[in-house]
Every structure is written in C-alpha cells, then in structure tokens.
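These notes are about the structure you will find just below.
Where a number appears in this text, it was derived from the coordinates with a stated rule and is not lab data. The structure presented is a predicted model; accordingly, all values stated were derived computationally and were not measured. Methodologically, a virtual Cβ is constructed for each residue, glycine included, from the backbone with ideal geometry; neighbour enumeration extends over all protein chains shown.
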Amino acid sequence: MEEIKRFLDYLLAERGYSGLTLATYQTSLTLLRAYVDTYCEGVGWEDVDSDMIRNWIGASLLAGTDKRTMRKHLSATRSFFRYLMRMGVVARDPAHLVSNPKVSKRLPEFLKEQEMNALFDTLVYPHTFEGQRDRLVLLMLCSTGIRLSELSGLSIERIEMGKNEIKVLGKRNKERIVPFGKELREALELYLPLREAVCHSRLGLLFIRQDGKALRPDEVRGIVKQHITAVSSIHKRTPHVLRHTFATLMLNHGADIRAVQELLGHENMITTEVYTHVSISDLKEQYAKAHPRLNEEE
C-alpha cells in the first residue's frame, strides 16, 4: 500500500489533482490490491500481469460493478503502473494490454431551449438575498457552462465586471477565461449588494449562505433540482445538466466546437464532440416528428 500512497502524493504535489480524483484513484487501486492479495498471495506489483488484471475486471463485473466504473478503475490502474515504471518499481505496464469493458454511449441530458428560458422568464425569484442568489446560481451555470466545483470555489475577485469575464480555476488548477453577457452582469449587480449586506465584505466566495458561510455543493444541487423540477420533466436535475445545456445550445446556435471546448475547459476534443451527437440526435427526432412525408403510407 506504500506505493499507492506515494503515487497519490505525487498526483497531488506534481500534477495538482483534486481531492475527489485522488479519492477515486485510491478506491480503484485499493480494490485491485485487495483482489491480488486474495487470489494471488505474495505477489508484488512487479509480478502483476495482464491476466490478473483481466480476472479482476471479470470478477468485479460479475459482482455487479458498473462497466463505466470499471473503466475508471482501469484508467487509474494504467496511470499507477506508468508511475511505477518511471520509479523503476516495475519493468512494464500490464494494464496497457487490457481493453476497456465496452459500454453503450450515453448521451448527456439537457434542457430544451424553451425549458431553459422558463427558468428565467417564467419562474419568479424574490428580491431577497436567497432569491437573487438562487437565480444567479442558475444563470451562472446556464450562461457559462462552468462545473459545480468551479462555481462553488468562485471568488468575487475572479469576476472582471469591466470586461464581462470570469477567471475560472478548473481541473488541475488550470485557469481559463469565460466571457458573460448583459443578463448575467445585471444579475451580479443585483446580487452583490445583497451579499455584502449579509457578510459585510466585498471579497471572498461569490456564493454564500444567509449566515455568511460558503454555499456547499450539496446546497447548490438542491437549488438546481428544485428549479429544474419546476420547468422540466427531465430525469436528471443536476448542475451538470445545465453545463450540458450550455454546450448543446451553443453548438445548436452555430458556435465553433473548438470555442465550446475552450469555454468548457475540456482537454480533449472527444469530450466536447458528444454534444454534436446530442444535437444530431435532437435534429433527427424533430425531423421525424415534423416532416410531412415520413409517416405517409406507401
């Protein structure tokens, strides 16, 4: 287990991985180590081979582990063995030859444009601190596509009101600039004086509670779920759905995919391309419903 701890320390210190990612990696590698210790007693990391990893995957799937979760476990395992190779602990990466379990592509859920509009044009938000804060939370997510973690950690100093820009601190502490429009600016101008009256400071985190403490991620999830429920019957009602909504609507309205990739903070274009599939899927659905000749009898 000492090698796992050193690996996690390396990811934190040298790569800037988040606590959540480190916890995920630790879970994956602890499960692998437990399997090896149970079925291959006395085997060190240098003796783990591809067959052992395949057997671990097979046993985990039979035990009910989701294929997507197993893919994450395998990704962590590959990273771990690459690290062990650099450290001279092992001579090869046995996980490199192991294929990911195949899963069907799952298109992200998002709000339709009229549903998103209803969030801000139909729902009524009281002109109180909490009312305007909740509206700003929703508008920030829909207008910028930032992640929940990025929103929760957003400080006032990172908002350039004069430039209509936000300096977002994303994964691995990578900073990106996200612009915003008139509606979000006006919402900020309404909220900031109300926030200052609550905590008597123009500095610190943007989103706080009535007692002046930070608005927790689970509280943001509650705000989002409550308001999405009021305008949509969509199955998922999370902050990430509003990130999906932002990306999908941007592409539907002609934005360049590379610009959307930059705004979302995606390192890989493949991650962004899923939204083009969403757009095409939606277009096909609308086409099937609306074309006058598709349902004619032959």
| request: Before rounding to the nearest 500, sum -39500 (n - 2.57) across all DSSP H runs of length at least 4 in the chain and divide by the residue total; then give [θ] at 222 nm in deg cm²/dmol. | output: -19000 deg cm²/dmol
| For the chain, with only Lys/Arg (+1) and Asp/Glu (-1) charged at the beta-carbon, what is the dipole magnitude about the Cα centre, in debye rounded to 20? | 280
| query | Looking at the stretch 1-30, which trypsin sites (Lys or Arg not before Pro) are in a loop (DSSP not H, G, I, E or B) and have at most 15 other Cβ atoms within 10 Å? | reply | ARG15
| note | With R₀ set to 45 angstrom, the calculated FRET efficiency between the beta-carbons of MET269 and LYS225, to the nearest 0.05, is 0.90
| Suppose R0 equals 51 Å; then what is the FRET efficiency for ASP51 and ARG209 from their Cβ-Cβ distance, rounded to the nearest 0.05? | 0.45
| task | Report the extension gain between THR69 and ALA91 in nm, rounded to one decimal, defined as 0.36 nm multiplied by the number of residues separating them, less their alpha carbon distance. | result | 5.2 nm
| Which residue, VAL103, VAL168, VAL178, tops the fluctuation ranking in a GNM of the chain built on C-alpha contacts under 10 Å? | VAL103
| said: With the cut-off at 1.5 for a/c, could you classify the chain from its C-alpha gyration tensor as rounded, prolate or oblate? | reply: oblate
| said: Counting other C-beta atoms within 10 Å, and keeping those with at most 15, which DSSP coil trypsin sites (Lys or Arg not before Pro) do you find in the stretch 152-202? | reply: LYS163, LYS174, ARG202
| Using a ≥ b ≥ c from the Cα gyration tensor of the stretch 99-159 (square roots of the eigenvalues), is it rounded, prolate or oblate, where a/c under 1.5 gives rounded and otherwise the larger of a/b and b/c decides, a/b for prolate? | oblate
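Please label the shape of the stretch 51-206 as rounded, prolate or oblate, based on the square roots a ≥ b ≥ c of the eigenvalues of the alpha-carbon gyration tensor (a/c under 1.5 means rounded; beyond that, a/b larger than b/c means prolate, else oblate).
Prolate shape, in that a/c is at least 1.5 and a/b is the bigger ratio.
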| task | Could you pull out the pairs from LYS112/LYS213; LYS5/LYS167; LYS5/LYS225; LYS5/LYS67 whose alpha carbons sit more than 29 Å apart here? | result | LYS112/LYS213; LYS5/LYS167; LYS5/LYS225
